[in-house]
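Asker: Just passing along the structure, written as C-alpha cells.
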Amino acid sequence: MKRYFIKTHIIYLAFFTSVLAFAQKDFQGKAYYESKTAVDMSNFGGSDMSEERRNQIADRMRSRLEKTFVLTFNQSESFYKEEEKLETSGGGNRWGAMMSSFTGGPQYKNIKSNLLLQEQEFFGKQFLIKDSLPKFNWKMEAETKQIGQYTCFKATATKTVDAVDFTRFRRPPNDDETETPKAKEIQIVAWYTMQIPVSLGPDDYWGLPGLILEVNADRTTIYCSKIILNPEEKDVIVMPSKGKEVTREAYTSIVKKKTEEMRQSFRNGGGGGRR
C-alpha cells in the first residue's frame, strides 16, 4: 500500500509538470489507434450454411472491422477519423455496402461546449449527428500498466448500447431471428495517461484526467499504437458539417427502421435488402 501511494504521488507530480508543458495555446497532438472487433457468427445463416462458408464470411467481416483511426486533439477539442485504405476485392458488393453503412464517420468533440458532431453515411444518405457528449460515470481504479512510454491508470464504467448502434455492428440480421435484438449494458475498461493531461480519447470516449490510450468495450478493443505531440505541421481541427442534422436518438430510430426492413428482406429471400 505504501509503495502504491509513493508511486501515485510521483505520477501526480509528473501530471502537474505535464500540465505546464501542455498549457501553451498552440498545443496539438496526434494519436493513432487500432480497432479490432470480435465477430459472433454462432447463429448466422442457420443450419443450411456450411461451417466453411460461415468461416469465410466471418473472416471477411473481421477484416472490415480491423481499422486504423487518427485522433487529432488539443486541450479541449478533438477530431477522430478512420485512415483511408485501398479496398480489397469484393469491396463493392452488398457486404461492403452494408458494413460501410454501420461504420462510424468522422467525429468532432468539444469538451468546453459539451458538443459531439459526427458525419454518418447510411445506405447512401448523409447525416450529421449533433448531440451532447455522452456521460460516463468513471470509476477510478488503482491498477496501472505501461503502454509504450506512458504510465496508464485503469478506469471502468458501464454503458447502455442499442443493439443496432453502428458502432457495435456484428453481423447482418438473419432469418432465424424472430425479434429485434434489444439494448444491453456493457462494461467499459479504459486506460488513460496523466502524462498527456487532456480529457479526450478515441471514438466518443472522454472525461478522464488524461488521454485515453486503450478501451475495451464488449467485443471491441481500441488501442493506441503511436503518439505525436506538437507536430511540426499542425492540422486545423474542423467541425463536421455535411448531411442532414439529427440527434443521436433520431439517428438510432432511422437505423432501427432500416434494420427491420433488412430483416424482413432476409426472411423473404431478398438477401441484400431494399436500397
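The values are calculated or read from the model by the stated rules, or taken from the named source; none is laboratory data. The structure presented is a predicted model; accordingly, all values stated were derived computationally and were not measured. Cβ coordinates were reconstructed from backbone atoms using ideal geometry, including for glycine residues, and neighbour counts include every protein chain displayed.
Asker: Any idea which of (1) modelled with pLDDT under 90; (2) in contact with an Asp or Glu (Cβ under 8 Å, 6 or more places away or on another chain); (3) of a type in the set (Gly, Ala, Ser) is the one residue 265 doesn't satisfy?
Answerer: Only one criterion is unmet by residue 265, namely (2).
Asker: At pLDDT 95 or above and crowded, with 20+ Cβ neighbours inside 10 Å: does that describe residue 202?
Answerer: yes
Asker: I'd like the full set of residues that are surrounded by fewer than 14 Cβ atoms within 10 Å (Cβ to Cβ) and of a type outside the set (Lys, Arg), limited to the range 135-166.
Answerer: Correct list: 137, 140, 141, 142, 143, 146, 148, 149, 158, 160.
Asker: Take the range 91-132 and flag every residue that is crowded, with 17+ Cβ neighbours inside 10 Å, aliphatic (A, V, I, L, M) and at pLDDT below 95.
Answerer: Within the range 91-132, 98, 99 meet the criteria.
Asker: Right, another one. Among the residues of the range 210-222, which ones are within 17 Å of residue 198 (Cα to Cα) and in a strand (DSSP E or B)?
Answerer: Hits for the range 210-222 are 211, 212, 213, 214, 215.
Asker: Can you find a residue in the range 229-246 that is modelled with pLDDT of 85 or more and in a helix (DSSP H, G or I)?
Answerer: Within the range 229-246 (the criterion being modelled with pLDDT of 85 or more and in a helix (DSSP H, G or I)), the answer is no, since none of the residues qualifies.
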